[in-house]
Structures are given as structure tokens and as C-alpha cells.
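Beneath this line is the structure, given in C-alpha cells, with notes to follow.
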Amino acid sequence: MNGLEILDIKQFPEGFFMQHHMPKVMLENHSHNHVEILLPVGCDLIYQTQMGPAIAKDRQVSVFWGQIPHRLSQIDRTGELYIANLPLPELLSWSMPDNFLSALFTGQVISSTSIVEADILNFRRWHRDYHSMEAKLIQIARLELQLRLRRQSFDGWHMGDNADTNADKTGHKSSQHVHKMIRFLAEHYTSPITVEDVANAAAISSGYAMGAFKKSLGQSIVSYLNQLRLHHAKVALIDNNEKVITIALDSGFGSLSRFYEVFIADTGKTPQQFRRDHKR
């Protein structure tokens, strides 16, 4: 396939990684922990999200959070797709504008406002750098990607480019409550928060919050919170040499024993085994 790769969603690496492949229509929604930074080349892509259908346009950078259920539903013209997959904690450390983060946490597809000719060359280089397995080159690629997004924030983003402005609005109020809860969780998951705190962020009762969240995302608030914390911990275990207890507490787990309990249940491994298996 001319060097293009296909990566199973179930085999996603935990940290930063790059993809390059021919886009393929997805029959079912899926979700994952990364923020996707897309560059379609030679094609327009339509994604179905909780906000309705949205377009990622040819040669324009688009960004969305993979944790929100989504699928690629339509491909206009034959082309290729570059994707930079970024852990959420890394993006949050970049001090992106509040309106960008608000759109991200509510499942919108955020797009650049114009075509930048250098983007194709940059994405190609970042993809090559990632697959070189050279740690210094990969770090440079991450820094260049950060600067690209921050420059676009200065120029301005196009928020929520809906392909169909008449999308079904049923359940809109409930969706807005869920979006507020998702944003609160994404911004506070490293802190000692409770279900009641999450519900208060959306100005609803705990019972209503748990039901709406479960219906929208297919998992409980506690499960979702644990997944955010686990992803943070996994990336830290791979990217640095901090002690396990430090990583556990920095990720939002209240105790080392709780961290081990959740981590082993999710991976079947201790944090130390996970770190050894994933170190390059």
C-alpha cells in the first residue's frame, strides 16, 4: 500500500504516535483516549459525532478528542490521511485557548481556517521522525506540532464545521449536561473529585448525571474517570522514570493500593511490568 499502514484501534500505543493510511468508512462508533490531529490529503472526510456530522477538509488541519464516540462515515474522493495522536494531558499542558478546549470536550471537530502549504511536508516529516524510533527526533516532532497548533490558535480556529446544520436536536439538553461533565472530568481528573462534584459541574443531581452519562457514553462516570487517570499514568510510565507512587498520585489515584487495583484489572500487569514491556 505504498508505505501506508493500518493500525487496529485495539492496538493503539499509549503515548504520542503518528499514522498515515488511506481513510476507510467505519460502520460503528468507537472511542479512544487520544486527541486526533488530522490532515486529509486529496479528500474530504465526514465524521459522525454527538454534535452531528462534521467535515475534515482536504489539506486543512482538524482536531477532535477520540474519547467522544465517533466514526468516519463518508469519504469524498480518494486520498490519504495523516494523523498525529496525542495524549490529552500533553495537549492540556500546551495552554490552548478556552474556546478551543470547550469545543474539544464537547465532541466538535475543530478545523484550521485556511490551507497552509507547509502542512503536508510537516506531517510527512513528523510521521518519518516517529517511525525512525529516535527519541530526540520524536520530541522535536512533538514540539513542532505544538507550535503549529498554537500558531493556528493565534490565526483562529473554525469550531464545529457541521455537514448538516439541520441535524437532529433530540436530547440536546441532556447532551449539553454530558458535555459539561466531560469537560469537568477532563480538566480535573488528576484531582480528588467525586460523582457529586461532576454532577454539580453540570448543575444536575447525581442520579440524573449517572444515568445521562451512562446512556451517552456507555460507561459510568467512575469508569470514565479511571480511564482518564489510567491513560495519564500509562503515558507517564512510558515517558519518564518517576517512581510508581509519584505517578499514581499525580494521575489522580488517592492511594498506591487503589492504583494497583485499577491498573492490574485494566492491563493484567503491574505498573512495573507495563513500563518494562513498553519502553523503547
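What the table shows:
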item	result
Residues (of a type outside the set (V, I, T) and touching a residue at least 60 places away in the same chain (Cβ under 8 Å)) located in segment 42-55	Y47, Q50, M51, G52, P53, A54
Cβ pairs under 6 Å, 6+ apart, first in segment 140-154 and within 18 Å of Y130 (Cα to Cα), second of a type outside the set (A, V, I, L, M, F, W, C) and in a helix (DSSP H, G or I)	A141/D129
Yes/no for T49 being surrounded by 21 or more Cβ atoms within 10 Å (Cβ to Cβ), among the polar types (S, T, N, Q) and not assigned by TED's automatic domain parsing to the domain that holds N240	yes
Any pair with Cβ under 7 angstrom, 6 or more apart, that starts in segment 114-135 at a residue that is more than 23 Å from F154 (Cα to Cα) and in contact (Cβ under 8 Å) with a residue 12 or more places away in the chain and ends at one that is outside any helix (DSSP H, G or I) and among the hydroxyl-bearing types (S, T, Y)	H127/Y82
Test: residue in segment 85-101 that is surrounded by fewer than 18 Cβ atoms within 10 Å (Cβ to Cβ), on the phi < 0 side of the Ramachandran plot, assigned to a helix (DSSP H, G or I) and small (G, A, S)	no
Qualifying residues in segment 54-84 (those that are buried (at least 21 other Cβ atoms within 10 Å of the Cβ) and of a type in the set (G, A, S)) - the one nearest to the chain's Cα centre (by Cα)	A84
Matching residues in segment 26-66 - criterion: being at pLDDT below 95 and in contact with a Lys or Arg (Cβ under 8 Å, 6 or more places away or on another chain)	M26, L27, E28, N29, H30, Y47, Q48
Breaking point among (1) surrounded by fewer than 18 Cβ atoms within 10 Å (Cβ to Cβ); (2) assigned to a loop (DSSP other than H, G, I, E, B); (3) of a type outside the set (S, T, Y), for G107	(1)
Which numbered condition S216 misses (of (1) more than 22 Å from the chain's Cα centre (by Cα); (2) buried (at least 17 other Cβ atoms within 10 Å of the Cβ); (3) polar (S, T, N, Q))	(1)
Residue, nearest to the chain's Cα centre (by Cα), within segment 247-271, restricted to residues that are crowded, with 16+ Cβ neighbours inside 10 Å and among the small types (G, A, S)	S251
Subset tally (residues that are more than 19 Å from the chain's Cα centre (by Cα), within 19 Å of L91 (Cα to Cα) and either at pLDDT 95 or above or charged (D, E, K, R) (or both)) for segment 219-246	0
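The values are calculated or read from the model by the stated rules, or taken from the named source; none is laboratory data. In this text, all values refer to a predicted model and were calculated from it rather than measured experimentally. Note that each Cβ is placed from the backbone with ideal geometry, even for glycine, and that neighbours are counted across all protein chains shown.
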